[in-house]
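Heads up, the thing below is written out as structure tokens.
Every read-out reported here was derived from the displayed coordinates using simple, explicitly stated rules and does not represent laboratory data. Computed from a prediction, not measured in an experiment: that's the story for all the values here. Here the Cβ positions follow ideal geometry from the backbone for every residue, glycine too, while neighbour counts run over all protein chains shown.
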Amino acid sequence: MTFTQELWASAEEVYAEILAHPFLRGLTDGSLPRPAFRHFVQQDSHYLRDYARALAVCAAKAPTDADVRAFADDAVGAIAAEQGMHAEFTAELGEGPEQPVLPTTLAYTSYLLATVYSGSFAEGLAAVLPCYWIYARVGEALLEKSSPDPLYARWIAAYGAEEFQGVVRRVLDLADRIGPELSDSERARAARHFATTARYEWMFWDAAWRGEAWPVPTAD
Ligand SMILES: Cc1ncc(CO)c(N)n1
């Protein structure tokens, strides 16, 4: 098994649950309530700002000049996605009340940042990989059905687009290049990070679907 096959195997069932989640089914059949999509877009905006930092840490630890550049480019891309796509969706959805960073978003980004800062390059890579790979797979799967709702169709098209698929293939190639050099214990740690952040991906959609909120009043 290649390194990426091993990683994917650690999250295969989580991916099946993601595709079956009512949030994603609601995107493709157009039934997803706008407030759930707005919740998702707002939290994703918070998420992408920290994800960009996580990618920048991966860049700092990357093995070759080309890899440093690739992750730095993707960090820029995550900020661009946050500012561009989310500004676009917010314009369409209306500003609405600003949400703070909610529990699932905070748990996910905290885990990502802790892992990329404290782990090896391979461990950090495994932690950030579901964000790329699951969205590429979801984008591809949803693109076949698209959505009767033009707003949801646009979101699907962005992640199904060949440009994003190409970005993801490049990261997967990098993972398979370094895979053979890793010890069994490092590969096992990487697979655990991958399975954990894959699960956070499911939780992220689920939090938007449930309209998650902090359980007690917060200072802000
Ligand atoms: C939560 C989450 N995961 C992955 C992506 C893809 O970049 C995203 N925009 N948001």
- Once the Cα gyration tensor of region 149-189 is diagonalised, what are the square roots of 5 times its eigenvalues, in whole Å and ordered largest first, as equivalent ellipsoid semi-axes? 34, 12, 4
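If you take every residue apart from residue 167 with its C-beta less than 14 Å away from the C-beta of residue 167, what net charge results, scoring Lys and Arg +1 and Asp and Glu -1? Write down the numbers at each step before the final one.
On the way: positive: 69, 137, 169, 170; negative: 67, 73, 74, 140, 162, 163, 173.
Summing Lys and Arg as +1 and Asp and Glu as -1 gives -3.
Work out how much length residue 9 to residue 87 would gain on full extension: take 0.36 nm times their residue separation and subtract the Cα-Cα distance, in nm to one decimal. Write down the numbers at each step before the final one.
Details: separation 78, 0.36 × 78 = 28.08 nm, distance 3.55 nm.
Once the chain is fully extended between residue 9 and residue 87, it gains 24.5 nm.
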- Item | Residue among 63, 78, 89 farthest towards the positive dipole end of region 6-99, charges placed on Cβ | 89
- Added length on full extension, which subtracts the Cα-Cα distance from 0.36 nm per residue, residue 162 to residue 76: 29.1 nm
- Message: I'd like the distance separating the alpha-carbon centroids of region 1-57 and region 161-180, in whole Å.
- Response: 18 Å
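Rule-of-thumb check for the chain: C-alpha Rg over 2.2 N^0.38 Å? List each step's numbers first, then the result.
Details: Rg = 17.0 Å, N = 220, 2.2 N^0.38 = 17.1 Å.
The value comes to 0.99.
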- Query: Simple spin-label model, 7 Å along Cα-to-Cβ: residue 185 to residue 173 in nm?
  - Reply: 3.3 nm
- Item | Electrostatic dipole magnitude of the chain [Cβ: Lys, Arg +1; Asp, Glu -1; Cα centre; debye, to 20] | 200 debye
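Give the relative contact order (percent, whole number) for the chain; include only Cα pairs under 8 Å separated by 6+ residues. Can you show the working numbers first?
Working: 246 pairs, mean separation 75.2, N = 220.
So the answer I get is 34 percent.
Just add up the charged neighbours of residue 7: K/R +1, D/E -1, any other residue whose Cβ is under 11 Å from the Cβ of residue 7. Before the final figure, lay out each step's value.
Values: positive: 187, 192; negative: 6, 12, 176.
Taking every Cβ under 11 Å from that of residue 7, the sum is -1.
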- Note on the structure: The local net charge around residue 109, scoring Lys/Arg +1 and Asp/Glu -1 for residues other than residue 109 whose Cβ lies under 13 Å from its Cβ, equals -2
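Sorted from largest to smallest, which semi-axis lengths in Å does the alpha carbon gyration tensor of region 41-130 give for its equivalent ellipsoid, taking the root of 5 times each eigenvalue?
Working: eigenvalues 140, 49, 10 Å².
Computed over region 41-130, the values are 26, 16, 7 Å.
When every alpha-carbon pair in region 1-93 is counted, what percent end up more than 21 Å apart?
Distances greater than 21 Å cover 55 percent of the Cα pairs.
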- On Cα atoms only, tilt of 150-160 relative to the major axis of the chain in degrees: 0 degrees
